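The values are calculated or read from the model by the stated rules, or taken from the named source; none is laboratory data. From a predicted model like this one, the values you see are computed outputs, not experimental measurements. Please note: Cβ atoms are built from the backbone with ideal geometry, for glycine as well, and neighbour counts cover all protein chains shown.
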Amino acid sequence: MTDTVWQIRLNLIGNHDLAGEMLMAACDGETISVNREHDDHPWDMIIITRQKPDQSRISDTIHDLESHFAITASSLVISLVPDIDWLQKNWMDLKPLEIGRFWVFGSHVSDPVPDGKIGIHLDAGLAFGSGNHATTHGCILFLEQILPKEQKWNIADIGAGSGILAIAAAKINANCNIVAVDNDPVAVNVMQENCQRNDVDQAISCGLSDGYDADLVKDNGPYDLILANILPSPLIAMAKDAAAALKPGGKVILSGLNLAHAEEVIRTHQQVGLTHTDSMPLGDWMTLLMEKPNA
């Protein structure tokens, strides 16, 4: 890799998942490492990015974390790092993930998929969604609960990233018609490759879309199921679009939100006519299941 790579390092006390999510967004981070030696020690956080960090933007985010979420952070240390492919290194260090009946693994894993598990061969590259986040786990666990194995459902994965949720849906029920979109062209390329790698590209149509705007999303609706593992703000902004894109009786799985944001996301979707039917908290993160009432 010949690009300039930057490292942002700080120590913090408090909700490290929430802090990591917000700081990754503030500095356009591409990979993050969080650890501590003992339970009573601060978290040591390192974020790697190819974009020169905007220190004022990061400082504003830290101020928000300290003011609204009782998170205490140390001074920032921003530096250039050696010419190492940190994304590749981070991915190579990931072990296979067991999520429900699924076994998610990268190209660097040579061990066979365990008996009784469904393999998802996933290389996230620059796209969000390696499968190791609690929000992804919550979405997949809800998918296993609600997606029928044979009935043909119309499904949209909004903000699909690596395509992991769309691929999981296709592996549960190959009869489904699935649209997977993202607003990042790099992510679209990655999800297309992952769909081919998992032999589900015939069931999944990948494309570029800012939320529900693209013709690919509009032309394939309405949907029996929508998957949206994004962030609270875009989920709230797109609530009306989600409700309009669902069939009567259709369901939407919402994730990418911290426990603190769950009530606001629920309330916003209730205001556009959806019913909250279930919640799945995993650690500090929440996945929601909502439904459009039958006419």
If we take the stretch 77-121, then strands (runs of 3 or more DSSP E) inside it with 1 or more residues that are under 25 Å from the mean Cα position of the chain (by Cα) and at pLDDT 65 or above are 97-99, 102-105, 118-121
Note on the stretch 156-203: residues β-branched (Val, Ile, Thr), closer than 18 Å to PRO222 by Cβ and within 17 Å of the chain's Cα centre (by Cα) are ILE158, VAL179, VAL181
Restricting to the stretch 268-294, and then to whatever is closer than 14 Å to TYR223 by Cα and outside any loop (DSSP other than H, G, I, E, B), can you tell me which residue is farthest from the chain's Cα centre (by Cα)? GLU291
Name every residue in the stretch 27-63 that is polar (S, T, N, Q), touching a helix residue (DSSP H, G or I) at 6+ places or on another chain (Cβ under 8 Å) and over 14 Å from TRP6 (Cα atoms), in order of residue number. THR61
Looking for whichever is of a type in the set (D, E, K, R), within 21 Å of GLY161 (Cβ to Cβ) and in contact with a Cys (Cβ under 7 Å, 6 or more places away or on another chain) here; the options are ASP241, ASP213, ASP201. Which one fits? ASP201
Whether any residue in the stretch 200-215 is assigned to a strand (DSSP E or B), among the aromatic types (Phe, Trp, Tyr) and closer than 21 Å to MET290 by Cβ is what I want to check. no
Against the condition assigned by TED's automatic domain parsing to the domain that holds ILE140, closer than 22 Å to GLY106 by Cβ, out of contact with any Phe, Trp or Tyr (no Cβ under 9 Å at 6 or more places or on another chain) and polar (S, T, N, Q), how does ASN194 come out, does it pass? yes
Output yes when any residue across the stretch 229-247 is part of a strand (DSSP E or B) and over 27 Å from TRP285 (Cβ atoms), and no when none is. yes
I need a count of the residues in the stretch 5-62 that are surrounded by fewer than 14 Cβ atoms within 10 Å (Cβ to Cβ) and within 18 Å of LEU231 (Cα to Cα). 1
Residue under question is ASP224, and the condition is that it be crowded, with 16+ Cβ neighbours inside 10 Å and of a type outside the set (A, V, I, L, M); does it hold? yes
Checking ASP201, ASP284, ASP210, ASP215 in turn, the sole residue that is of a type in the set (Asp, Glu) and at pLDDT 95 or above turns out to be ASP215
Return yes or no: is PRO248 modelled with pLDDT of 95 or more, out of contact with any strand residue (DSSP E or B) (no Cβ under 9 Å at 6 or more places or on another chain) and either among the charged types (D, E, K, R) or surrounded by fewer than 23 Cβ atoms within 10 Å (Cβ to Cβ) (or both)? yes
Quick one: would you say ASP213 is without any contact (Cβ under 8 Å) to a residue 12 or more places away in the chain and in contact with a helix residue (DSSP H, G or I) (Cβ under 7 Å, 6 or more places away or on another chain)? no
With the requirement that a residue be touching a helix residue (DSSP H, G or I) at 6+ places or on another chain (Cβ under 6 Å) and either basic (Lys, Arg) or over 30 Å from GLY14 (Cβ atoms) (or both), what does the stretch 234-250 give you? none
For VAL265, which of the numbered conditions (1) over 27 Å from ASP123 (Cα atoms); (2) touching a Leu at 6+ places or on another chain (Cβ under 6 Å); (3) outside any helix (DSSP H, G or I) fails to hold? (3)
